[in-house]
Amino acid sequence: MRKVLPEASLNRLAGRIAASEQRHSGQIRICVEAALPDSYLWRSATPRQRALTLFGKLRVWDTEHNNGVLIYLMLADRAVEIIADRGIDHHVTDTDWAVMTARMSDSFKAGRFEDGLTQALEEVSALLMTHYVLDAEAPRGPNELPDAVVVL
(Lines give C-alpha, C1' and ligand atoms only; values in the text may rest on other atoms or scores of the structure.)
Protein backbone atom coordinates (compact mmCIF):
# COMPACT_ATOMS: atom_id res chain seq x y z
CA MET A 1 0.00 0.00 0.00
CA ARG A 2 2.70 2.49 0.98
CA LYS A 3 4.62 1.70 -2.20
CA VAL A 4 1.83 2.92 -4.47
CA LEU A 5 0.68 5.75 -2.19
CA PRO A 6 3.50 6.88 0.09
CA GLU A 7 2.87 9.32 2.93
CA ALA A 8 3.85 12.29 0.75
CA SER A 9 1.16 11.33 -1.79
CA LEU A 10 -1.46 10.98 0.93
CA ASN A 11 -0.52 14.42 2.30
CA ARG A 12 -0.75 16.01 -1.16
CA LEU A 13 -4.18 14.46 -1.70
CA ALA A 14 -5.39 15.74 1.70
CA GLY A 15 -4.15 19.21 0.77
CA ARG A 16 -6.02 19.03 -2.54
CA ILE A 17 -9.21 18.02 -0.74
CA ALA A 18 -8.85 20.97 1.67
CA ALA A 19 -8.21 23.39 -1.22
CA SER A 20 -11.17 22.02 -3.16
CA GLU A 21 -13.54 22.43 -0.22
CA GLN A 22 -12.66 26.12 0.00
CA ARG A 23 -14.52 26.62 -3.29
CA HIS A 24 -17.79 24.72 -2.68
CA SER A 25 -19.94 23.47 0.18
CA GLY A 26 -19.47 19.78 -0.65
CA GLN A 27 -17.40 17.30 1.29
CA ILE A 28 -15.02 14.83 -0.34
CA ARG A 29 -13.48 11.73 1.23
CA ILE A 30 -10.93 9.44 -0.35
CA CYS A 31 -10.61 5.92 1.00
CA VAL A 32 -7.95 3.45 -0.12
CA GLU A 33 -8.02 -0.19 0.92
CA ALA A 34 -5.52 -2.93 0.10
CA ALA A 35 -8.17 -5.62 -0.40
CA LEU A 36 -11.70 -6.51 0.58
CA PRO A 37 -11.98 -7.77 4.15
CA ASP A 38 -12.43 -11.53 4.54
CA SER A 39 -16.05 -11.06 5.65
CA TYR A 40 -16.79 -9.52 2.24
CA LEU A 41 -14.97 -12.26 0.38
CA TRP A 42 -16.86 -15.01 2.24
CA ARG A 43 -20.19 -13.64 1.11
CA SER A 44 -19.01 -12.72 -2.40
CA ALA A 45 -19.61 -9.03 -1.81
CA THR A 46 -18.40 -6.51 -4.37
CA PRO A 47 -16.12 -3.50 -4.01
CA ARG A 48 -19.23 -1.35 -4.62
CA GLN A 49 -20.93 -2.91 -1.60
CA ARG A 50 -17.82 -2.20 0.46
CA ALA A 51 -17.75 1.42 -0.76
CA LEU A 52 -21.41 1.83 0.19
CA THR A 53 -20.68 0.51 3.68
CA LEU A 54 -17.73 2.87 4.07
CA PHE A 55 -19.84 5.77 2.80
CA GLY A 56 -21.96 5.26 5.91
CA LYS A 57 -19.16 4.41 8.34
CA LEU A 58 -17.15 7.47 7.31
CA ARG A 59 -20.33 9.58 7.64
CA VAL A 60 -20.08 10.95 4.10
CA TRP A 61 -23.89 10.84 3.98
CA ASP A 62 -24.10 13.10 7.03
CA THR A 63 -23.47 16.53 5.50
CA GLU A 64 -25.74 19.54 5.80
CA HIS A 65 -26.50 19.76 2.08
CA ASN A 66 -26.35 16.01 1.33
CA ASN A 67 -23.46 16.68 -1.02
CA GLY A 68 -20.73 14.38 0.23
CA VAL A 69 -18.77 12.22 -2.19
CA LEU A 70 -16.64 9.16 -1.44
CA ILE A 71 -13.88 8.15 -3.86
CA TYR A 72 -12.99 4.54 -3.04
CA LEU A 73 -10.01 2.59 -4.36
CA MET A 74 -9.43 -1.09 -3.62
CA LEU A 75 -5.86 -1.81 -4.66
CA ALA A 76 -5.96 -5.61 -4.98
CA ASP A 77 -8.44 -5.48 -7.86
CA ARG A 78 -7.79 -1.86 -8.79
CA ALA A 79 -11.50 -1.40 -8.25
CA VAL A 80 -12.79 2.14 -8.18
CA GLU A 81 -16.11 3.40 -6.89
CA ILE A 82 -17.56 6.87 -6.53
CA ILE A 83 -20.46 7.08 -4.10
CA ALA A 84 -22.32 10.38 -3.98
CA ASP A 85 -24.98 11.54 -1.56
CA ARG A 86 -28.44 12.31 -2.91
CA GLY A 87 -27.91 16.08 -3.11
CA ILE A 88 -25.12 15.96 -5.69
CA ASP A 89 -26.22 12.67 -7.23
CA HIS A 90 -29.48 14.37 -8.21
CA HIS A 91 -27.48 16.67 -10.52
CA VAL A 92 -25.14 14.09 -12.07
CA THR A 93 -26.09 11.23 -14.38
CA ASP A 94 -24.98 7.65 -13.87
CA THR A 95 -23.13 7.96 -17.17
CA ASP A 96 -21.12 10.92 -15.87
CA TRP A 97 -20.08 8.94 -12.78
CA ALA A 98 -19.19 5.92 -14.95
CA VAL A 99 -17.02 8.02 -17.26
CA MET A 100 -15.15 9.48 -14.28
CA THR A 101 -14.62 6.02 -12.83
CA ALA A 102 -13.34 4.69 -16.17
CA ARG A 103 -10.79 7.51 -16.46
CA MET A 104 -9.59 6.79 -12.94
CA SER A 105 -9.32 3.07 -13.72
CA ASP A 106 -7.12 3.83 -16.73
CA SER A 107 -4.66 5.72 -14.50
CA PHE A 108 -4.63 2.90 -11.95
CA LYS A 109 -3.99 0.27 -14.61
CA ALA A 110 -0.95 2.30 -15.62
CA GLY A 111 0.21 2.36 -11.98
CA ARG A 112 -0.45 6.11 -11.56
CA PHE A 113 -2.51 5.97 -8.37
CA GLU A 114 -1.95 9.50 -7.11
CA ASP A 115 -2.66 10.89 -10.60
CA GLY A 116 -5.88 8.90 -10.87
CA LEU A 117 -7.12 10.02 -7.46
CA THR A 118 -6.13 13.63 -8.22
CA GLN A 119 -8.01 13.53 -11.51
CA ALA A 120 -11.11 12.12 -9.81
CA LEU A 121 -10.85 14.74 -7.08
CA GLU A 122 -10.64 17.52 -9.66
CA GLU A 123 -13.65 16.19 -11.59
CA VAL A 124 -15.75 15.77 -8.44
CA SER A 125 -14.68 19.27 -7.33
CA ALA A 126 -15.79 20.73 -10.66
CA LEU A 127 -19.23 19.13 -10.25
CA LEU A 128 -19.55 20.41 -6.69
CA MET A 129 -18.48 23.91 -7.78
CA THR A 130 -21.14 23.86 -10.49
CA HIS A 131 -23.95 22.95 -8.12
CA TYR A 132 -22.72 24.06 -4.66
CA VAL A 133 -20.50 27.06 -5.22
CA LEU A 134 -19.80 29.15 -2.13
CA ASP A 135 -21.07 32.70 -2.01
CA ALA A 136 -18.03 34.95 -1.57
CA GLU A 137 -20.03 37.20 0.79
CA ALA A 138 -21.46 34.43 2.98
CA PRO A 139 -19.49 33.05 5.90
CA ARG A 140 -17.92 29.68 5.23
CA GLY A 141 -19.45 26.81 7.18
CA PRO A 142 -17.38 24.31 9.13
CA ASN A 143 -15.39 21.56 7.49
CA GLU A 144 -17.83 18.74 8.16
CA LEU A 145 -15.50 15.79 7.43
CA PRO A 146 -11.75 15.25 7.79
CA ASP A 147 -9.66 15.89 4.67
CA ALA A 148 -7.13 13.13 5.34
CA VAL A 149 -7.17 10.12 3.06
CA VAL A 150 -8.51 7.06 4.87
CA VAL A 151 -6.17 4.10 4.48
CA LEU A 152 -7.56 0.71 5.54
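The values are calculated or read from the model by the stated rules, or taken from the named source; none is laboratory data. Source: prediction; values computed, not measured. Positions of Cβ are generated from backbone atoms using ideal geometry, with glycine treated the same way; all protein chains shown enter the neighbour counts. Only protein heavy atoms, including side chains, enter the accessible area calculation; ligands, DNA and RNA are left aside. Shrake-Rupley method; radii C 1.70, N 1.55, O 1.52, S 1.80 Å.
Which distance in Å, rounded to a whole number, links the C-alpha centroids of the stretch 73-152 and the stretch 9-29?
The distance from the Cα centre of the stretch 73-152 to that of the stretch 9-29 comes to 10 Å.
Compute the long axis of helix 113-131 from its Cα atoms, compare it with the longest principal axis of the Cα atoms of the chain, and write down the angle in degrees, 0 to 90, nearest 10.
30
Using a Förster distance of 22 Å, how high is the FRET efficiency between V151 and H91, based on the Cβ-Cβ distance and rounded to 0.05?
With R0 = 22 Å, the Cβ-Cβ based efficiency is 0.15.
Hey, rough spin-label estimate for N143 and V99, points 7 angstrom out along Cα→Cβ, what's it come to in nanometres?
So the two model labels end up 3.1 nm from each other.
Roll a 1.4 Å probe over the protein chains and send me the accessible area per residue for the chain in Å². Could the numbers behind the result be given before it?
Details: 7750 Å² over 152 residues.
Normalised by residue count, the accessible surface of the chain is 51 Å².
Shape of the stretch 16-60 from its Cα gyration tensor (a ≥ b ≥ c, root eigenvalues): rounded if a/c is under 1.5, otherwise prolate when a/b > b/c, or oblate?
Judged from the Cα gyration tensor, the stretch 16-60 comes out prolate (a/c at least 1.5, a/b above b/c).
Given a 1.4 Å probe and every protein chain left where it sits, what share in percent of the accessible area of the chain is carbon and sulfur?
With neighbouring chains kept in place, the figure for the chain is 53 percent.
Where both partners of a DSSP beta bridge lie in the chain, what percent of those bridges are antiparallel, to the nearest 5?
Bridges in the chain are about 45 percent antiparallel.
With a 10 Å radius around each residue's Cβ, average the other Cβ atoms per peptide and rank 93-102, 23-32, highest first.
Working: 93-102: 12.5, 23-32: 22.7.
So the order, starting with the most tightly packed, is 23-32, 93-102.
What angle do you read, to the nearest 10 degrees and between 0 and 90, between the alpha-carbon axis of helix 94-109 and the longest principal axis of the chain?
Helix 94-109 sits roughly 50 degrees off the main axis of the chain.
For the stretch 40-152, what value does the Rg/Rh ratio take when both radii are computed over Cα atoms and Rh is the Kirkwood radius, given to two decimals?
On the way: Rg = 14.7 Å, Rh = 15.1 Å.
A ratio of 0.97.
Using Cα-Cα distances under 8 Å and only pairs 6 or more residues apart, what relative contact order does the chain have, in percent?
36
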